[in-house]
Each structure stands twice: as C-alpha cells, then as structure tokens.
1. Could I have the simple spin-label model distance between ARG19 and ALA54, label points 7 Å from Cα toward Cβ, reported in nm to one decimal?
2. When only C-alpha pairs under 8 Å and at least 6 residues apart count, what is the relative contact order of region 45-91, in percent?
3. Please give me the summed charge of the neighbours of SER55: other residues whose Cβ is under 13 Å from its Cβ, Lys and Arg +1, Asp and Glu -1.
4. When the accessible area of the chain is computed with all protein chains present and a 1.4 Å probe, what percentage of it is carbon and sulfur?
5. Less than 21 Å apart at the alpha-carbon level, and either on another chain or at least 8 residues along: which lysines does that give for LYS86?
6. Once all Cα-Cα distances of region 50-119 are split into 10 Å bins that start at 0, what whole-number percent is in each one?
7. Using a probe radius of 1.4 Å on heavy atoms only, what accessible surface per residue do you get for region 1-91? Whole Å² is fine.
8. How big is the charge dipole of the chain about its Cα centre, in debye rounded to the nearest 20, if each Lys and Arg gets +1 on its Cβ and each Asp and Glu gets -1 on its Cβ?
Amino acid sequence: QVQLVESGGGLVQPGGSLRLSCAASGNIFTIYTMAWYRQAPGKQRELVASITRASGTNYADFVKGRFTISRDNAKNTVYLQTNNLKPEDTAVYYCNAQMVVGSDYKVYWGQGTQVTVSS
C-alpha cells in the first residue's frame, strides 16, 4: 500500500510564500515523474509543475519564475516552493507520482493541501 501525504499549505497574504511537501511511503521500488497539480473551486484540476527522477522540470506558464519544484529521491519527497503568491493561486494543491510499486507501475495521488492567498 502506497500513500502520498501533502503538507505545508495554509493561509498567506498576497506576495507571501509557502513550501509544500509531499512524502510518499509504502512498498515503493522507484518513483519516476512527480508533479504538483491544483484545483480551485468550480474549476478543473491543472498541472502546476512536474519533475523527473533526474530532476528535469516543467512549469505551467502561470507559475513560471515564481514557483520551484524539487525532489529528494532518498526521502521519496517532492517539494513546491511557492513565492510571490497571488489570490488566483488559491486552490487545493495535489501531489502526483508515477512509480513502481512491487513489480507494478502505478500512478498515485495525494489527498491535497489547501493554499489560500488572501488579505
């Protein structure tokens, strides 16, 4: 059994920063690409950033230059440093990971962590 647990969300003022973390646990052999998605109320889930096992990164245009994704393979953890947060960044942020569990390749999602940007 595998689980992804996000943490680090909260309420911040515009221009503030948060560091989101997502730790994977379970019978994991290898985690390949990890990513952060977000979903605002009434809107579809969208990709924020992704990172390969070798730390190649990809960012959505709306966070380019403000957010940084990173990972620690030894800890099976992915991070999202969010800077200069805007009210429109308010959403539930979800962790996603592609991995080999036992001998099977699977995709897992975390339960999400709420980020609220407001004065």
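1. The answer from the label model is 2.7 nm.
2. Computed value for region 45-91: 26 percent relative contact order.
3. Summing Lys/Arg as +1 and Asp/Glu as -1 gives +1.
4. Solvent-exposed carbon and sulfur of the chain make up 46 percent of the total.
5. The reachable lysines, counting only those whose Cα sits under 21 Å from LYS86, are LYS43, LYS64.
6. 17, 47, 28, 8, 1
7. Averaged over the residues of region 1-91, the accessible area is 54 Å².
8. Roughly 100 debye for the chain.
The values are calculated or read from the model by the stated rules, or taken from the named source; none is laboratory data. Nothing here was measured: the structure is a model prediction, and the numbers come from that model. Don't worry about glycine lacking a Cβ; one is built from the backbone with ideal geometry, like all the others, and counts go over all protein chains shown. Please note that ligands, DNA and RNA were not included when accessible areas were found on the heavy atoms of the full protein model with its side chains. Shrake-Rupley method; radii C 1.70, N 1.55, O 1.52, S 1.80 Å.
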